[in-house]
1. Filter the stretch 53-72 for residues that are over 18 Å from Lys94 (Cα atoms) and not hydrophobic (A, V, I, L, M, F, W, C) and give the result.
2. Residues of the stretch 110-123 being farther than 15 Å from Pro28 by Cα, at pLDDT 95 or above and not aliphatic (A, V, I, L, M), which ones?
3. Which one of Val24, Val19 is surrounded by 12 or more Cβ atoms within 10 Å (Cβ to Cβ), assigned to a strand (DSSP E or B) and at pLDDT below 95?
4. If you go through the stretch 47-63, how many residues are of a type outside the set (D, E, K, R), assigned to a strand (DSSP E or B) and either within 17 Å of Glu114 (Cα to Cα) or at pLDDT below 95 (or both)?
5. With the structure loaded, tell me whether Val55 is closer than 15 Å to Trp23 by Cα and of a type in the set (Val, Ile, Thr) or whether it fails that test.
6. Do the conditions hold for Leu44, that is, is it surrounded by fewer than 19 Cβ atoms within 10 Å (Cβ to Cβ), of a type outside the set (D, E, K, R) and touching a helix residue (DSSP H, G or I) at 6+ places or on another chain (Cβ under 6 Å)?
Amino acid sequence: MRRWIGLLFLLALASAQVVREGWVRFSPGPNAAAYLTLENPGDLPLRLVGARTPVAERVELHETFMREVEGKKVMGMRPVPFLEVPPKGRVELKPGGYHFMLLGLKRPLKAGEEVELDLLFAGGKVLKVVLPVEAR
């Protein structure tokens, strides 16, 4: 029984990701942010656990948050270990929310070029996407 459940999970995972509206923010500095919308048309939740790219030393999944410092609202960001994409649902990685940080860029990114990004899911599934670099 356990074997069948695992097989059903792998079959569902293999066909259950759709990426829409992805882009990487142009940055002349050593880091950049990547955004996309991840849809799960499947019947099981998906757990996004990270990403990798050949253009950066590492990629971290972050969330943006607001806090109050000396009476002023200050924006910050912190790493998160994973994101759950619910069945028949979607998760948006967007400015001011969840996003990928491409840390330690190996070279400056140019607006108009494309960046390969491997999305990593629990269970070992990898989804390759190509995102344009945009100056927004």
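1. Hits for the stretch 53-72 are Thr53, Pro54, Glu57, Arg58, Arg67, Glu68, Glu70, Gly71, Lys72.
2. Glu114, Glu116, Asp118, Phe121
3. Val19
4. Residues in the stretch 47-63 being of a type outside the set (D, E, K, R), assigned to a strand (DSSP E or B) and either within 17 Å of Glu114 (Cα to Cα) or at pLDDT below 95 (or both): 3 in total.
5. Yes; evaluated as a whole, the condition is true for this residue.
6. When the stated conditions are applied, Leu44 passes them.
The values are calculated or read from the model by the stated rules, or taken from the named source; none is laboratory data. Worth saying up front: this structure is predicted, and the values here are computed from it rather than measured. Methodologically, a virtual Cβ is constructed for each residue, glycine included, from the backbone with ideal geometry; neighbour enumeration extends over all protein chains shown.
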